[in-house]
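K.L.:
I'd like to ask you about the structure that follows.
The values are calculated or read from the model by the stated rules, or taken from the named source; none is laboratory data. All values derive from a computational prediction rather than experimental measurement. Note that each Cβ is placed from the backbone with ideal geometry, even for glycine, and that neighbours are counted across all protein chains shown. Just the protein is used for accessible areas: all its heavy atoms, side chains included, with ligands, DNA and RNA removed. Shrake-Rupley method; radii C 1.70, N 1.55, O 1.52, S 1.80 Å.
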Amino acid sequence: QVQLVESGGGLVQPGGSLRLSCTASGISFKFYTMGWYRQAPGKQRELVATITYTGSTNYAESAKGRFTISRDNAVNTVYLQMNSLKPEDTAVYYCRTEGTIYWGQGTQVTVSS
């Protein structure tokens, strides 16, 4: 059974930082490209960043320069380091496998003073 479990969300003030984690089980994690997506209230789910099994990364324009995606294949985990957070980053953040699609349950990030 495939499971993707996100953690690390929460409430943070504008300008603050959070690190999200997504730990996978039931898949050969090191062979998957992994992605982070987000969905804000009333909006469609959108791509934030991806990382291939070789470590190549890709970012949405909104994430460039502020967010960093990384992975640790030894612990089947992908991370999203988010810095300089803005209120418009408020959303539920999901991790996803690319290719054969599996989704995590999501973690809420709220940026507010």
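K.L.:
Among the candidates Thr97, Thr77, Thr68, Thr107, single out the residue that is over 12 Å from Met34 (Cβ atoms), polar (S, T, N, Q), modelled with pLDDT of 95 or more and surrounded by 17 or more Cβ atoms within 10 Å (Cβ to Cβ). Quick ask: steps written out before the conclusion?
P.N.:
Details: Thr97 fails: over 12 Å from Met34 (Cβ atoms); Thr77 fails: over 12 Å from Met34 (Cβ atoms); Thr68 fails: surrounded by 17 or more Cβ atoms within 10 Å (Cβ to Cβ).
Of the residues listed, the single one that is over 12 Å from Met34 (Cβ atoms), polar (S, T, N, Q), modelled with pLDDT of 95 or more and surrounded by 17 or more Cβ atoms within 10 Å (Cβ to Cβ) is Thr107.
K.L.:
If the requirement is being open to solvent by 50 Å² or more (accessible area, probe 1.4 Å), of a type in the set (S, T, N, Q) and farther than 18 Å from Val109 by Cβ, which of these qualifies: Thr33, Thr23, Thr54?
P.N.:
Details: Thr33 fails: open to solvent by 50 Å² or more (accessible area, probe 1.4 Å); Thr23 fails: farther than 18 Å from Val109 by Cβ.
It is Thr54.
Let's see how each residue does on (1) acidic (Asp, Glu); (2) in contact with a strand residue (DSSP E or B) (Cβ under 8 Å, 6 or more places away or on another chain):
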| residue | (1), (2) |
| --- | --- |
| Leu47 | no, yes |
| Ser56 | no, no |
| Asp72 | yes, yes |
| Gln81 | no, yes |
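K.L.:
If I ask for residues that are in a loop (DSSP other than H, G, I, E, B) and in contact with a strand residue (DSSP E or B) (Cβ under 7 Å, 6 or more places away or on another chain), which ones from region 84-104 would you list? I'd like the intermediate steps shown before the answer.
P.N.:
Filtering region 84-104 down to residues in a loop (DSSP other than H, G, I, E, B) leaves 84-86, 90, 98-102, 104.
Passing the criteria: Leu85, Lys86, Thr90, Glu98, Tyr102, Gly104.
K.L.:
Please give the number of the condition Pro41 fails out of (1) more than 14 Å from the chain's Cα centre (by Cα); (2) open to solvent by 60 Å² or more (accessible area, probe 1.4 Å); (3) over 18 Å from Gln108 (Cβ atoms).
P.N.:
Among (1) more than 14 Å from the chain's Cα centre (by Cα); (2) open to solvent by 60 Å² or more (accessible area, probe 1.4 Å); (3) over 18 Å from Gln108 (Cβ atoms), Pro41 violates only (3).
K.L.:
Let me ask something else about it. Give me the pairs, please: first residue somewhere in region 31-52 and within 16 Å of Ala63 (Cβ to Cβ) and outside any strand (DSSP E or B), second residue anywhere and open to solvent by less than 90 Å² (accessible area, probe 1.4 Å) and of a type in the set (Val, Ile, Thr), beta-carbon distance under 9 Å, and either six or more positions apart or on two chains.
P.N.:
Ala40/Thr90; Ala40/Val92; Arg45/Val92
K.L.:
Report whether or not Ser62 is within 13 Å of Glu46 (Cα to Cα), surrounded by fewer than 18 Cβ atoms within 10 Å (Cβ to Cβ) and out of contact with any Phe, Trp or Tyr (no Cβ under 9 Å at 6 or more places or on another chain). Reasoning before the result, please.
P.N.:
Details: within 13 Å of Glu46 (Cα to Cα): yes; surrounded by fewer than 18 Cβ atoms within 10 Å (Cβ to Cβ): yes; out of contact with any Phe, Trp or Tyr (no Cβ under 9 Å at 6 or more places or on another chain): yes.
Criteria met by Ser62.
K.L.:
Any residue in region 4-15 that is over 15 Å from the mean Cα position of the chain (by Cα), among the polar types (S, T, N, Q) and at pLDDT below 95? Lay out the reasoning, then the answer.
P.N.:
We begin by selecting, within region 4-15, every residue over 15 Å from the mean Cα position of the chain (by Cα); these are 11-15.
Those left that are additionally among the polar types (S, T, N, Q): 13.
Narrowing the set further to residues that are at pLDDT below 95 leaves none.
No - not one qualifying residue is present in region 4-15.
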